[in-house]
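A short reminder: the numbers here are calculations on the coordinates, not readings from a lab. Just so you know, these numbers come straight off a predicted model, no measurement behind them. Heads up, the Cβs are rebuilt from the backbone with ideal geometry, glycines too, and the neighbour counts pull from every protein chain shown.
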Amino acid sequence: MTFIGTSTIAVVCVLSVVGGIALTRTLVRKRDAEILFMRLARWLPSQDAARTAMVLIKSTNVRPLERTLSTLPMLARLGVLIGQCGFAGYLPEFLYLLIALIVFPVTVAFALGLNFLIALVAGLSLAMVSVVTLVLIASRRRIKFSEQMPDAIDLMVSVLRSGHSIPQAVKAVADELPAPCGVEFGEVMQRLNLGQALASALVSSAERFGSYEVDLMRRAVAIQSEVGGSLAELLEKTNLTLRARLKLVKQVRVLTAQARLTAIIVGLLPLVVAVVLETMSPGYLKPLFHTDMGRMLLVVAISLQGLGLFLMKKLSTVTV
């Protein structure tokens, strides 16, 4: 009991320290944003001051740990996913969360004398669920952002043709459209306020979302700034291309729906069959887990299943 009590206290202390570090970093960042907002509010409207403060905090307040982690390819990709979900700059906090999800079940199992392997699998499963959730949220935001881009360009064209400037057109998109497009164009607006050209201000958005639409818009704006001409007319022609591309993407998605449904059924079928067999005849699958031959066959089956799903995904994915 003494050992268990000591281990429990150690676990609580470790989690408290990690949580305290993450909370302190968040509060410090919030305090810096509030101070910057109070200074900018003297010269800008409150909404513009808040957006500018957040852009400056994200671009200048890069912590050493975050800068080091961003040099690693896998963690850099994870940071991009976090940014696509709308939480740019929170890579260290997410890593703290993953570590806590893995360590907590293991330490509890160690303190209470439970099965260590089961606890480790549970921790890894929780971490994997968090990463998969992050990927799904980022994917949905990317799709929604791409679908909103034609409407954003139409609004910019209307504002430009009414005689307003480029910053006013970008501000109209930021004010009128919902997230994520409106929020992203709000950050583009703040980059314009900081002195960047529109083409340069769109680079960060194109990289963050991996958006072909934003990159095409950026190229069109860059060409117009070099050779001159009507930006409204150029954006309108660009928008026709984007709308045709989105229409083609939807058509391809409909045509590949059967292949994607087949992949889902093939992936879930072995699990369903295993559950049914174990329910109807308990112990029927024990040789797969308690014999060397069974475990080897199970590993081979899982590997082939994963390979099959990967190939089916590649065959059903068409790049437009």
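Side notes on the structure shown:
- For the pair V108 and A197 in one chain, pulling the backbone fully straight at 0.36 nm per residue adds 26.6 nm over the alpha carbon distance.
- Cα shape, region 256-316, gyration tensor, a/c 1.5 rule: oblate
- Look at the Cα gyration tensor of region 142-249: its axes a ≥ b ≥ c give a/c under 1.5, and that counts as rounded.
- Each other residue within a Cβ distance under 13 Å of V254 adds +1 if Lys or Arg and -1 if Asp or Glu, for a net charge of +4.
- HN-Hα J in Hz across region 199-215 - Karplus 6.51, -1.76, 1.60, θ = phi - 60°, x for Gly and Pro: 4, 5, 5, 7, 4, 4, 5, 5, 6, 5, 9, x, 8, 5, 5, 5, 5
- Qualifying aspartates and glutamates (Cα of each under 16 Å from Cα of K247; at least 8 residues distant if same chain): E147, D151, E213
- Estimated inter-spin distance, L269 and R243, nm [label 7 Å along Cα→Cβ]: 4.3
- Cross-link partners of K250 among lysines, defined as those whose alpha carbon lies under 29 angstrom from its own and excluding same-chain residues fewer than eight positions apart: K144, K237, K313, K314.
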